[in-house]
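S.K.: Following this message is one structure expressed as structure tokens.
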Amino acid sequence: MSYEKPLPIIDEDNAPYWEYAREHQLRMQKCAGCGHIRFPVSLVCPRCHSLETEWTKLSGKGKVYSYVIYHQAYHPAYKDDIPYAVAIIQLKEGPRMESNITDCHMEDIEIGMPVELYFDDVTGDVSLPKFRLGEGG
Amino acid sequence: MESMKDKAAIVGVGYTPQGKVPGRSSMSFHIEAARNAIEDAGLKIGQVDGLLMQPPMAAIGDPMVAPAYLAQKLGLRVRFMAAHDVWGASAGCMAQHAAWAVVHELADYVVCTYGENALSGTSEYGAALNGGIEYGMFGAVAGYALAARRGIYEFGAGPETWKEIAVAARKWANLNPAARYHDRPMSYEDYYNSRLIVDPFRLFDICLISDGGRAFIVTTAERARDCKKKPVYIMGMGQDHSATNAPQATHLAGPIGAKVSGEEAYKMAGVTRKDIDACEIYDCFTYTVELTLAGYGFFAPGEGKDFLKAERLAPGGDFPVNTSGGQLSEAYFQGFTALTEAIVQLRGEAGKRQLGAVTKTREPEIIMVSHNGGVLQTHSTLILRR
């Protein structure tokens, strides 16, 4: 069955992020100047404006910074998913990212609880980094 | 920096049919609102030589919904013109930029417009606001609900406070014939019974989506005295744009841009929070009102629960907020709702909802107006007086 949900908007800037995700690696830009790991993707480091970066691999361990539960399907493909959780994940290495928390009862989610990364291969070309309750960081 | 206190004034406001108004383009609301504002100010078409427009969400980048096209349709030849988009803070920021423009003789009269067929047209309000579509993060509600959850966690925000904001807005809307919910009262029970949309937000924590437009005109204080209606002076103003998107933001539980821009505006106006007679607060969600009023120093962080009581915020209360019903219960116009309401109140034209004797509230001399956009990413403060 084809995947009907909206896919990430992949452009010239964030293409490497999604290419690594397809290989099941969570990598973000680490500034070669000051060491700051930034997200989302940008040409320069927002702290020191250095142009030099490397794509550093993250552990995938983190904690729930905030979360919400969708009870309304804003898109027909989400009709069977509600209620579903969207969360901000505080990653162990510093940056925060939006994602889903899956495979648990929605009422069990709490701010501060540890989560672990997995990849959801939604199409042949796109894998989404998502999170489950876990050991955390 | 020179003080802008009382140097510019708002002299005209324009309304349009609003609510559900099918069969109308977004541009048509811009045109009608601007036309009515020019008439309200008693200006001739040829006198208006400045134009700022906030493009509708569904048409950003569309040349047919651009400032030059609007000027053409209104028969204006202007010397100051721009599309202005800092999301929901645009109305307040436009007023500030227009004020600077007239004081520095870039223009004599600047018309500032908004219009969108957001309810009946091809609205983008259910789309991803800035990122996260692949995770089902639809609508502005995603980021604000994430912020609100953080507010619950950090300082005890929540439905107990939000219900007061929602019910008070509804009581004002019940006095406003143009409001979406004019004929429909709301009890605390109604609030709690409204369905969860994106937990922690219920339906009644979330603003309306409306068809319609609004416009206002800014000129110098000196020219304002010759206009048809009583001027409303810009006493104080400020902006603070934290810019960072919700997942990376550190301000989800405050302080938001209200704090810095509010302090700037108080300082310019030479007033304190005790001098404010009413507040018109950008209310995309109930929680936004709580964070904004905290930022303006009306209560300490975390004490909104004790301060924000419907009987204080509603008609008859000692701290009136969002006297048209706001964007929760009147109509959503990207913050033009709040600004135009402040003008109408300070002129004494608000009918049954008029502050003062009519609603057993303080006579309005000074009103504070906030605008906020993105997910708490842009913020404008205006302090207006009659």
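S.K.: Tell me, which residue of the range B:45-67 that is part of a loop (DSSP other than H, G, I, E, B) and modelled with pLDDT under 95 is surrounded by the fewest Cβ atoms within 10 Å (Cβ to Cβ)?
M.R.: Per the stated criteria, the residue is B:Gly61.
S.K.: For the range A:28-46, give me each residue that is more than 12 Å from chain B (Cβ to nearest Cβ) and either in contact with a His (Cβ under 9 Å, 6 or more places away or on another chain) or surrounded by 17 or more Cβ atoms within 10 Å (Cβ to Cβ) (or both).
M.R.: If the condition is that a residue be more than 12 Å from chain B (Cβ to nearest Cβ) and either in contact with a His (Cβ under 9 Å, 6 or more places away or on another chain) or surrounded by 17 or more Cβ atoms within 10 Å (Cβ to Cβ) (or both), then A:Gln29, A:Lys30, A:Cys31, A:Gly33, A:Cys45 are the ones that fit.
S.K.: A:Glu54 - would you say it is assigned to a strand (DSSP E or B), of a type in the set (Asp, Glu) and surrounded by fewer than 17 Cβ atoms within 10 Å (Cβ to Cβ)?
M.R.: yes
S.K.: Another question, then. B:Ala91 fails exactly one of the following numbered conditions: (1) within 30 Å of B:Gly262 (Cα to Cα); (2) of a type in the set (Gly, Ala, Ser); (3) not in a helix (DSSP H, G or I). What is the number of that condition?
M.R.: (3)
S.K.: Return a yes/no flag: does the range B:195-210 have any residue that is assigned to a strand (DSSP E or B), among the aromatic types (Phe, Trp, Tyr), farther than 30 Å from B:Lys360 by Cα and within 14 Å of chain A (Cβ to nearest Cβ).
M.R.: Within the range B:195-210 (the criterion being assigned to a strand (DSSP E or B), among the aromatic types (Phe, Trp, Tyr), farther than 30 Å from B:Lys360 by Cα and within 14 Å of chain A (Cβ to nearest Cβ)), the answer is yes, since at least one residue qualifies.
S.K.: Would you tally the residues in the range B:131-160 being outside any helix (DSSP H, G or I) and either closer than 17 Å to B:Ala249 by Cβ or of a type outside the set (Phe, Trp, Tyr) (or both)? Explain how you work it out, then say what you get.
M.R.: So the first thing to find is which residues in the range B:131-160 are outside any helix (DSSP H, G or I), and the list is B:131-132, B:136-138, B:156-158.
Right, trim to either closer than 17 Å to B:Ala249 by Cβ or of a type outside the set (Phe, Trp, Tyr) (or both) and you get B:131-132, B:136-137, B:156-158.
The total comes to 7.
S.K.: Could I ask something else about it? What's the number of the only condition in (1) under 21 Å from B:Leu293 (Cβ atoms); (2) among the hydrophobic types (A, V, I, L, M, F, W, C); (3) buried (at least 24 other Cβ atoms within 10 Å of the Cβ) that B:Ala142 fails to meet?
M.R.: Only one criterion is unmet by B:Ala142, namely (1).
S.K.: Mind checking which residues of the range B:179-228 are closer than 30 Å to B:Ala101 by Cβ, among the hydrophobic types (A, V, I, L, M, F, W, C) and surrounded by fewer than 21 Cβ atoms within 10 Å (Cβ to Cβ)?
M.R.: Passing the criteria: B:Ala221, B:Cys227.
S.K.: Just name the residue that is nearest to B:Arg24 (Cα to Cα) out of those in the range B:115-136 that are within 11 Å of chain A (Cβ to nearest Cβ) and modelled with pLDDT of 95 or more.
M.R.: From the range B:115-136, those within 11 Å of chain A (Cβ to nearest Cβ) are B:125-128, B:130-136; that's our starting set.
Of the ones still in play, those that are also modelled with pLDDT of 95 or more are B:134-136.
Values: B:Glu134: 33, B:Tyr135: 34, B:Gly136: 31 Å.
Filtering first and then ranking leaves B:Gly136.
S.K.: Could you pull out the residue among B:Val271, B:Val218 that is under 21 Å from B:Phe299 (Cβ atoms) and either in contact (Cβ under 8 Å) with a residue 40 or more places away in the chain or outside any helix (DSSP H, G or I) (or both)?
M.R.: Exactly one of B:Val271, B:Val218 is under 21 Å from B:Phe299 (Cβ atoms) and either in contact (Cβ under 8 Å) with a residue 40 or more places away in the chain or outside any helix (DSSP H, G or I) (or both), namely B:Val271.
S.K.: Another question, if that's okay. Please count how many residues of the range B:1-36 are in contact with a Leu (Cβ under 9 Å, 6 or more places away or on another chain), part of a helix (DSSP H, G or I) and either small (Gly, Ala, Ser) or surrounded by fewer than 23 Cβ atoms within 10 Å (Cβ to Cβ) (or both).
M.R.: Of the residues in that region, 3 qualify.
The values are calculated or read from the model by the stated rules, or taken from the named source; none is laboratory data. Keep in mind it's a predicted model, so treat the numbers as computed, not measured. With ideal geometry, Cβ positions are generated from the backbone for all residues, glycine too; neighbour counts draw on all protein chains shown.
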